[in-house]
Structures are given as structure tokens and as C-alpha cells.
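Visitor: I'd like to ask you about the structure that follows.
The values are calculated or read from the model by the stated rules, or taken from the named source; none is laboratory data. From a predicted model like this one, the values you see are computed outputs, not experimental measurements. Reconstructed Cβ throughout: ideal geometry from the backbone, glycine too, with neighbour counts over all protein chains shown.
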Amino acid sequence: MPTLAFLDTLPLWLLFLATAALLVAGNALGFRLGSWQRARRADDDKAPTNAIMGSTLGLLAFILAFTFGMSHTRFDTRRTLVLDESSAILRAYQRAQFLPEPQRTECTRLLREYVDLRVNLAGLKDMEAARAAVRRSELIQDELRDQARILAEHPNAVLSIFMQSLSELTDLQMKRVRAAVWNRIPPTIEVMLYVLAFMGLLTMGYNAGLSGTRPMLPTLVLALAFSAIIVLIIDLERPNQTLFEVSQEPMRAVQARMQGD
């Protein structure tokens, strides 16, 4: 799914300032237009403008709440997947201890490397390094299957449940990659957030221009509030968040347990 990838590269503070500047500029433009029209309109013509402003800001608030809810749900999904993958790795490790030698030693080594990769992956800021870690994880999965394939000539219950664990590892890695990189809100919605916010501040400024008064402090507060919410939504959608963190404690606990054996 295509995304506004350039937003992921901007520092969060710069994105916030740029968003706030855009909204304040929209308000200033609306005020100029309203001032230009003030002398040409009757006082009773302001009522439709008030209604339009209220409707636009109400729609913006609804879309912001809806989008924030979507992003927060995806964030919770990422946290759940970390717990699920940690449990799957530990099960695979425990089941590997019942394999015959030399497969038991080799699978144990590979799974320890695998959990180290998964712990370190969350802290990688460079996307190329993250892709390399994912590729290495996939290679380890292939090597684990190769070890299991050696034992396939003498199938048994232990081998069967170990293969099931390997399938879980593959499935959960794909789900985590999809949740972090692919499964994001459509870029159209992100664009519409900016368009609606700009239009909302524009109508506020236009209405203020018609009345001849411009309450700067409430306008600035509203612009900053909308900017903060938009930036929070964008940060929730990033593969590596700045203000939020998907806790890796379940994975670290499994790592410590496997290293202690």
C-alpha cells in the first residue's frame, strides 16, 4: 500500500511546526478574504458563514477522532503481536530441546540468534538495517526447517509439534511486518486531515474577517491542538514511533530465559 513515506522521514517537531504554520496561514488567508468581503455583505449574511464554520470544524473533529481510533487500534495490534511472537519463540525453543543431536544444539543456537534479532529489530531506525534483520530472520527460519527436514525420515510427535512452531514463527513475522509497514491508514485519509484542518481554520478566519475582529489566542490554541492530534496520528502510523513505544519486554524476557538455559 502506498503511503506518504516522506512524512516518516521528518522529525516530529518539524512536522508539528509545519502543520501549525499551515493552519495559521489558512486562518490568515480566510481573515483577509473575510475583511475584503465585509463591506460588501449585510450583517444578516453572517449566519450561513457561522453554520458552515461549525459544520467544517465538527466534521474535522469527527474525522480526527475516527482516524486516531484507527491508529490506536493498529498500535495495540503491534503490542499484541510482540507478545504472541515471544510465546511462539519460547515454545519453539522448548520443543527443540526434545530433538535428537546434533539438531537440538543447532536449533537452539539458531533460535537464540533469532530472538536476539527480534529484540534488536524494534530499536533499528535505519530502514535498510531493519530490512537486513528481517531477511536474516527469514534465513534462520529456512535453516531451522532444514534441520527439521533431516529428521523427516523418522517422523514422530516431537518433530510434528516443532514444525508447527516453525510455521507459527513465519506467520507471526509476516503479521508483525505487515502491521508495522504495510497495514497503515490510506494516504488519502492523511491528506484529507490536512485539507479539512486547513478549510476549518480558513472558515474561522473568514468569519472573523466578516465581523472585523480576530481572536488570536483562541485561533492559535485551536491550530496547535489540531496540529498536535494530526502529528500524534502520523507518529502512531510510523514503523518507528517517537512519542510511543511498542514494549519489547515480553521478547526480552524470553531472550533472558533462553540465555539462562
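Visitor: Yes or no: LEU159 of a type in the set (A, V, I, L, M), in contact (Cβ under 8 Å) with a residue 60 or more places away in the chain and surrounded by 18 or more Cβ atoms within 10 Å (Cβ to Cβ)? Can you show your working first?
Guide: Values: of a type in the set (A, V, I, L, M): yes; in contact (Cβ under 8 Å) with a residue 60 or more places away in the chain: yes; surrounded by 18 or more Cβ atoms within 10 Å (Cβ to Cβ): yes.
Judged against the criteria, LEU159 is a match.
Visitor: Tell me which residues, restricted to segment 231-261, are among the β-branched types (Val, Ile, Thr) and closer than 19 Å to GLU85 by Cβ.
Guide: VAL246, VAL254
Visitor: Mind counting the residues in segment 176-188 that are in contact (Cβ under 8 Å) with a residue 60 or more places away in the chain, surrounded by fewer than 17 Cβ atoms within 10 Å (Cβ to Cβ) and either aliphatic (A, V, I, L, M) or closer than 30 Å to SER55 by Cα (or both)?
Guide: Residues of segment 176-188 that are in contact (Cβ under 8 Å) with a residue 60 or more places away in the chain, as a first pass: 176, 179-180, 182-187.
Narrowing the set further to residues that are surrounded by fewer than 17 Cβ atoms within 10 Å (Cβ to Cβ) leaves 182-183, 186-187.
Narrowing further to those that are either aliphatic (A, V, I, L, M) or closer than 30 Å to SER55 by Cα (or both): 186-187.
Looking only at that region, the number is 2.
Visitor: A further question follows. Residues in segment 37-55: is at least one modelled with pLDDT of 85 or more and either among the β-branched types (Val, Ile, Thr) or surrounded by fewer than 17 Cβ atoms within 10 Å (Cβ to Cβ) (or both)? Outline the logic, then answer.
Guide: Going through segment 37-55, the residues modelled with pLDDT of 85 or more turn out to be none.
For segment 37-55, residues modelled with pLDDT of 85 or more and either among the β-branched types (Val, Ile, Thr) or surrounded by fewer than 17 Cβ atoms within 10 Å (Cβ to Cβ) (or both): absent.
Visitor: Among the numbered conditions (1) more than 24 Å from VAL119 (Cβ to Cβ); (2) among the hydrophobic types (A, V, I, L, M, F, W, C); (3) out of contact with any Phe, Trp or Tyr (no Cβ under 7 Å at 6 or more places or on another chain), tell me where MET251 comes up short.
Guide: Condition not satisfied by MET251: (1).
Visitor: Are there any pairs with C-beta distances below 8 angstrom linking a residue in segment 210-222 that is among the basic types (Lys, Arg) to a residue that is in a helix (DSSP H, G or I), with the two at least 6 apart or on different chains, and if so which?
Guide: These pairs meet every condition: ARG214/PHE31; ARG214/GLY205; ARG214/ALA208.
Visitor: Given the residues LEU159, LEU210, LEU172, LEU217, which is the only one that is modelled with pLDDT of 90 or more and on the phi < 0 side of the Ramachandran plot?
Guide: On the way: LEU159 fails: modelled with pLDDT of 90 or more; LEU210 fails: modelled with pLDDT of 90 or more; LEU217 fails: modelled with pLDDT of 90 or more.
After applying the criteria, what remains is LEU172.
Visitor: How about segment 82-105: which of its residues are within 11 Å of GLN147 (Cβ to Cβ) and buried (at least 17 other Cβ atoms within 10 Å of the Cβ)?
Guide: ALA96, LEU99, GLN103
Visitor: Would it be correct to say that VAL191 is surrounded by 15 or more Cβ atoms within 10 Å (Cβ to Cβ) and within 18 Å of the chain's Cα centre (by Cα)? Break it down into steps so the answer makes sense when it comes.
Guide: Details: surrounded by 15 or more Cβ atoms within 10 Å (Cβ to Cβ): no; within 18 Å of the chain's Cα centre (by Cα): yes.
Against the criterion (surrounded by 15 or more Cβ atoms within 10 Å (Cβ to Cβ) and within 18 Å of the chain's Cα centre (by Cα)), VAL191 does not qualify.
Visitor: Still on this model: In this structure, does ASP116 turn out to be assigned to a helix (DSSP H, G or I), of a type in the set (D, E, K, R), out of contact with any Leu (no Cβ under 6 Å at 6 or more places or on another chain) and in contact (Cβ under 8 Å) with a residue 12 or more places away in the chain? Quick ask: steps written out before the conclusion?
Guide: Working: assigned to a helix (DSSP H, G or I): yes; of a type in the set (D, E, K, R): yes; out of contact with any Leu (no Cβ under 6 Å at 6 or more places or on another chain): yes; in contact (Cβ under 8 Å) with a residue 12 or more places away in the chain: yes.
Judged against the criteria, ASP116 is a match.
Visitor: Same structure, new question: Being free of Cβ contacts under 8 Å to residues at least 12 places away in the same chain, part of a helix (DSSP H, G or I), surrounded by 13 or more Cβ atoms within 10 Å (Cβ to Cβ) and touching a helix residue (DSSP H, G or I) at 6+ places or on another chain (Cβ under 9 Å) is true for just one of GLN173, GLN147, GLN164. Which residue is that?
Guide: Numbers: GLN173 fails: free of Cβ contacts under 8 Å to residues at least 12 places away in the same chain; GLN147 fails: free of Cβ contacts under 8 Å to residues at least 12 places away in the same chain.
Selected residue: GLN164, the only one of GLN173, GLN147, GLN164 that is free of Cβ contacts under 8 Å to residues at least 12 places away in the same chain, part of a helix (DSSP H, G or I), surrounded by 13 or more Cβ atoms within 10 Å (Cβ to Cβ) and touching a helix residue (DSSP H, G or I) at 6+ places or on another chain (Cβ under 9 Å).
Visitor: Here are some residues: ALA157, ALA180, ALA223. Which one is within 23 Å of ASP116 (Cα to Cα) and of a type in the set (Gly, Ala, Ser)? Can you show your working first?
Guide: Numbers: ALA157 fails: within 23 Å of ASP116 (Cα to Cα); ALA223 fails: within 23 Å of ASP116 (Cα to Cα).
Answer to the check: ALA180.
Visitor: For segment 57-69, does any single residue satisfy the condition of being modelled with pLDDT under 85, polar (S, T, N, Q), surrounded by 11 or more Cβ atoms within 10 Å (Cβ to Cβ) and part of a helix (DSSP H, G or I)?
Guide: no
Visitor: Something else: Out of the residues in segment 100-123 that are at pLDDT below 90 and aliphatic (A, V, I, L, M), which is nearest to GLU249 (Cα to Cα)?
Guide: The qualifying residue nearest to GLU249 (Cα to Cα) is VAL119.
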